[in-house]
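Asker: Just passing along the structure, written as structure tokens.
Readers should treat all values here as calculations from the given coordinates under stated rules, not as data from a laboratory. What you see is a predicted model; the values in this text were computed from it and never measured. Neighbour counts run over all protein chains shown; Cβ positions are idealised from the backbone, glycine included.
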Amino acid sequence: MELGSILFWGVVAVVIVYSIMIHNGLVQLKHSVSKAWSNIDVLLKQRHDELPKLVETCKQYMSYEQDTLTKIMEARSSVALAQQSKNMGALGQAETQLRQGLGQLFALAENYPELKANDSFQHLQSRISGMENAIADRRELYNESVNLNNVRIEQFPDVLIARFFKFVAAELLQFSDAEKTDVDLKSLFNS
């Protein structure tokens, strides 16, 4: 074999190995995004199951706050639909509505000392608040995984392999600006 032929096949081998490494890295990122979503999905399902218990407990004490309880249950349904369809935009909007409703519910509970003293309410409030924090943490991890995936499939030379194997960008899970603003507690108590 002549030197030119050896160099040619050596370069081909290096390109093939490098392409395989890029492909495997992209596959790993794609699965990291799926895993991060699954972690959020589990928490959303757990919270979905807890909310009717919370609303039922509150109904016993909060007869005048039916509108707030109805909004929470409607938002719960919207979250479930968006979750099933994996529509991140709709999920972000529904999550914002649900979180606002829960914030309003917990603020209004201050007006009902018997409710605040109820062990079931305290347990559910604590559990749901804990899940909210865990969802926020998992959302951060999910968005980081999505960002890594999306950047990598756009970088050269990874973009060549990504396009060839049809890797696609994932959608960030974002909540609206309304959720990021402070809750106006004064307006909640005056309603």
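Asker: Tell me, which residue of segment 140-175 that is assigned to a loop (DSSP other than H, G, I, E, B) and of a type in the set (Asp, Glu) is surrounded by the most Cβ atoms within 10 Å (Cβ to Cβ)? Quick ask: steps written out before the conclusion?
Answerer: Narrowing segment 140-175 to residues assigned to a loop (DSSP other than H, G, I, E, B): 153-157, 165-175.
Keeping just the survivors that are of a type in the set (Asp, Glu) gives 154, 171.
Values: Glu154: 11, Glu171: 16.
Looking at residues that are assigned to a loop (DSSP other than H, G, I, E, B) and of a type in the set (Asp, Glu), I get Glu171.
Asker: Suppose we filter segment 80-98 for residues that are more than 22 Å from Ala109 (Cβ to Cβ), free of Cβ contacts under 8 Å to residues at least 40 places away in the same chain and buried (at least 18 other Cβ atoms within 10 Å of the Cβ); how many remain? Full working, then the answer.
Answerer: Of all residues in segment 80-98, those more than 22 Å from Ala109 (Cβ to Cβ) come to 80-94.
Now narrow it down to the ones that are free of Cβ contacts under 8 Å to residues at least 40 places away in the same chain: 80-82, 84-85, 87, 90, 94.
With buried (at least 18 other Cβ atoms within 10 Å of the Cβ) added as a condition, the list becomes 82, 94.
Within segment 80-98, residues that are more than 22 Å from Ala109 (Cβ to Cβ), free of Cβ contacts under 8 Å to residues at least 40 places away in the same chain and buried (at least 18 other Cβ atoms within 10 Å of the Cβ) number 2.
Asker: Of all residues in segment 101-127, count the ones that are within 29 Å of Ser34 (Cα to Cα) and surrounded by fewer than 19 Cβ atoms within 10 Å (Cβ to Cβ).
Answerer: So the answer is 2.
Asker: Another question, then. Condition first: more than 19 Å from Asp49 (Cα to Cα), in a helix (DSSP H, G or I) and either aromatic (Phe, Trp, Tyr) or out of contact with any Cys (no Cβ under 8 Å at 6 or more places or on another chain) (or both). Now tell me which residues in segment 93-139 satisfy that.
Answerer: Going through segment 93-139, the residues more than 19 Å from Asp49 (Cα to Cα) turn out to be 93, 104, 107-118, 137, 139.
From what's left, in a helix (DSSP H, G or I): 93, 104, 107-111, 113-117, 137, 139.
Within segment 93-139, Gln93, Gln104, Ala107, Leu108, Glu110, Asn111, Pro113, Glu114, Lys116, Ala117, Asp137, Arg139 qualify.
Asker: A follow-up question, please. Working only within segment 51-79, note down all residues that are under 14 Å from Leu98 (Cα atoms) and either buried (at least 16 other Cβ atoms within 10 Å of the Cβ) or hydrophobic (A, V, I, L, M, F, W, C) (or both). Walk me through how you get there before you give the answer.
Answerer: Going through segment 51-79, the residues under 14 Å from Leu98 (Cα atoms) turn out to be 51-52, 54-55, 67-79.
Leu51, Leu54, Val55, Thr68, Leu69, Lys71, Ile72, Met73, Ala75, Arg76, Ser78, Val79, listed by residue number.
So that you can scan it fast, the table gives a plain yes or no per residue for (1) farther than 21 Å from Arg138 by Cα; (2) basic (Lys, Arg):
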| position | (1), (2) |
| --- | --- |
| Leu7 | yes, no |
| Val12 | yes, no |
| Val27 | no, no |
| Lys35 | no, yes |
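Asker: Have a look at Phe175, Phe121, Phe167, Phe106 and point out the one that is aromatic (Phe, Trp, Tyr) and without any contact (Cβ under 8 Å) to a residue 60 or more places away in the chain. Give the steps one after another, and end with the answer.
Answerer: Details: Phe175 fails: without any contact (Cβ under 8 Å) to a residue 60 or more places away in the chain; Phe121 fails: without any contact (Cβ under 8 Å) to a residue 60 or more places away in the chain; Phe167 fails: without any contact (Cβ under 8 Å) to a residue 60 or more places away in the chain.
Residue meeting the stated conditions: Phe106.
Asker: Now, a different point. For segment 24-54, which residues satisfy the criterion of being within 11 Å of Gln83 (Cβ to Cβ) and among the charged types (D, E, K, R)?
Answerer: Scanning segment 24-54 gives Asp41, Lys45, Arg47.
Asker: Within segment 42-61, is there a residue that is out of contact with any Leu (no Cβ under 9 Å at 6 or more places or on another chain) and of a type in the set (Phe, Trp, Tyr)?
Answerer: No, segment 42-61 contains no residue that is out of contact with any Leu (no Cβ under 9 Å at 6 or more places or on another chain) and of a type in the set (Phe, Trp, Tyr).
Asker: Okay, next question. Suppose the filter is closer than 30 Å to Leu172 by Cα, acidic (Asp, Glu) and free of Cβ contacts under 8 Å to residues at least 60 places away in the same chain; does Glu74 pass it? Quick ask: steps written out before the conclusion?
Answerer: Values: closer than 30 Å to Leu172 by Cα: yes; acidic (Asp, Glu): yes; free of Cβ contacts under 8 Å to residues at least 60 places away in the same chain: yes.
Yes.
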